[in-house]
Structure formats: structure tokens, C-alpha cells
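Notes to accompany the following structure.
Read the figures in this text as sums done on the coordinates, not as results from a lab. Computed from a predicted model, the values in this text were never measured in an experiment. Reconstructed Cβ throughout: ideal geometry from the backbone, glycine too, with neighbour counts over all protein chains shown.
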Amino acid sequence: MSGDKLNNYKKTILDSLDGHPFGLCITEIAEKTKFHRNTISKYMNILEAENKVNKKRIGTASIYTTKKRKYLRRGLVVSFIQSLLKGLKHEFPNDPEKFKDIGREITKTFQFPIGDVYFNEFKKVRSSSDILEKLKLFELFYNSFDFFQDDLEIEIIELNNYKVIYRLRNSDFFQKNGEFNYFFHIMCGITEGIYLQNLNMQIKCDVNQIKYSDGKNGDFVDISLEMREN
């Protein structure tokens, strides 16, 4: 294949990713470019090796974003959210439940999680009677709350029939003075709204503990998800 044709393929694929900050999967890129899925897979491997795209696993799908983004820089968005949290905490200094209410209200006017891939993952488990299978979806979509922070870590530390506890590390919203703690309470409210919207499922999502240490690697927040009792 000539160099010009190779570059045209790559440019067309990268252009298709512009304006999609939450990324596209192989199928979505194929629909936009009219290239065969196998062709897309081949060139995504090339672009990934050239460090021109980011790749993230969502369930069984791979989501790609371009590293040369034309939308607002992530750092600006995070700084804005952090400033907003400072103001809200000043107005409601000791009311984490108020922030959960804010999160629930957000899901009434803004669709979470964003993208067809997430929707399809919810669709797969909608008719399942396995509660844990549904609660484990949190691990797939949480990263979108932290604006796709590449070094965010999430793991399950406790698991039983109706409850899962996750431990999150490296979030940009960790701050030893606790200025941004309420971000996690807002996220819990959003999570409850997501499960209600997508699965008609009443869950309780709470911040169990937030721990800070001398080094960033020791900081973490534990988030629990469990079925609400009828």
C-alpha cells in the first residue's frame, strides 16, 4: 500500500474521532468512515503504536479517543469542577446528603453514562437476575466521572450477594484538606440515578471512607453499592 493511501486511512479515522471526547468503538468508527471493521482494527493498532490514540476497555468493547483533541482540555474542566465544589462546600459545609441529591437531580436532565457502548453493557444485563453482575457495571462507567483520567485505579475490595465495595485511587479530586470530598457524594447520587434510569433498579451508593496518606499512592476512597430493601 502506498504511503499516501496509508496516511489517508489514518487521517479519515482520526477525523472521525474529533468531537467525541468520550470516544468511539470499532463499530462506530466503521459506521462513520464506511471502512470495514477489520480495516479499522488494523489501523487502530497502527495509530495506537504511533501514540496518536488512547484505548480503553469498556466491557467487551475497546473505546478509542484521539490524543489531539479539539474540545476543552481535561485540565480546564477538572479545575472548573474543583472550583465549583469549593463554592458548594462553603454553602453546605456539613451536608453530604445534599450533594447526593444534586447528583440524582443531574441524571434527570443529563444522560449518564455517555455513549452507546455503556448503553449496550446495561442492555446485556437488564433481564438478568444476577444482582452482582449489575452492581459490577460501576467499574466500567466510573472512569467517565473522573473525565477519563488515565491513571485512575478502581478495584473491588468486598463482595457479597447484594453489595459491592470499590476502592478508588489516584482521583484528581483527592485533596488532603478535603475541599473536593463532596465530588464523591455527587458521584454516588449520579450512580443511583444511572441504575434507576438504565435498569429501573433502586440501589444505595455511599462513600464508606476517604483516607489520605503522606504519599499519593496511599490515598483512597471506598464506595459501596447495594440493593435497597423494598
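Among residues other than residue 158 whose Cβ falls under 12 Å from its Cβ, what is the net charge (Lys/Arg +1, Asp/Glu -1)?
Details: positive: 163, 167; negative: 155, 222, 226.
So the environment of residue 158 carries a net charge of -1.
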Quiz item: If each of residue 177 and residue 5 carries a label point 7 Å out from its Cα toward its Cβ, how far apart are those two points in nm?
Solution: 6.0
Exercise. For residue 10, list the lysines whose Cα falls under 27 Å from its own Cα; do not include residues on the same chain fewer than 8 positions away.
Key: 32, 34, 42, 52, 55, 56, 67, 68, 70
Quiz item: Using 1/(1 + (r/R0)^6) with R0 = 22 angstrom and r between the beta carbons of residue 78 and residue 208, what's the FRET efficiency to the nearest 0.05?
Solution: 0.40
Exercise. On a 0 to 90° scale, report how tilted helix 116-125 is relative to the longest principal axis of the chain, with both axes built from alpha carbons and the result rounded to the nearest 10.
Key: 60
Practice problem: Excluding residues fewer than 8 places away in the same chain, name every one of the lysines whose C-alpha is closer than 18 Å to that of residue 89. | Solution: 98, 100, 176
Quiz prompt | Extension gain from residue 22 to residue 45, taking 0.36 nm per residue of separation minus the Cα-Cα distance | solution = 6.4 nm
Quiz item: Is it possible to state the helix-based mean residue ellipticity at 222 nm for the chain, with each DSSP H run of 4+ residues giving -39500 (n - 2.57), the sum divided by total residues, to the nearest 500 deg cm²/dmol? What is it?
Solution: -14000 deg cm²/dmol
Exercise. Give the Cα extents of region 3-66 along the principal axes, in whole Å, largest first.
Key: 34, 23, 22
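Please check the chain for the longest run free of GluC sites (Glu not before Pro) that are loop-located per DSSP (anything but H, G, I, E, B) and have at most 10 other Cβ atoms within 10 Å. Write out the running numbers ahead of the final one.
Numbers: sites that count: 50, 229.
So the longest stretch without any such site is 51-228.
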Exercise. Compute the longest continuous run of the chain that contains no exposed chymotrypsin sites (Phe, Trp or Tyr not before Pro); treat a site as exposed when its DSSP state is not H, G, I, E or B and it has at most 12 other Cβ atoms within 10 Å.
Key: 111-230
Quiz item: In whole percent, what relative contact order does the chain give with Cα contacts below 8 Å and a gap of six or more residues?
Solution: 17
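Report the antiparallel proportion of the DSSP beta bridges in the chain as a percent, rounded to a multiple of 5.
On the way: 28 of 28 bridges.
Roughly 100 percent of the DSSP beta bridges within the chain come out antiparallel.
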Quiz item: Among 17, 140, which comes first, second and so on when ranked by fewest other beta-carbon atoms within 10 Å?
Solution: 140, 17
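Nearest 0.05, what FRET efficiency do residue 196 and residue 152 give at R0 = 30 Å with Cβ-Cβ as r? Numbers along the way, then the final one.
On the way: r = 25 Å, r/R0 = 0.82.
Efficiency for this residue pair is about 0.75.
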Quiz item: Which angle from 0 to 90°, rounded to the nearest 10, does the C-alpha axis of helix 74-91 make with the longest principal axis of the chain?
Solution: 10
Self-check item: Environment charge at residue 37 (Cβ cut-off 13 Å; Lys +1, Arg +1, Asp -1, Glu -1)
Solution: +1
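Neighbouring Cβ atoms within 10 Å as the yardstick, rank 39, 107 fewest first.
Working: 39 15, 107 19.
By the 10 Å Cβ count, ascending, the order reads 39, 107.
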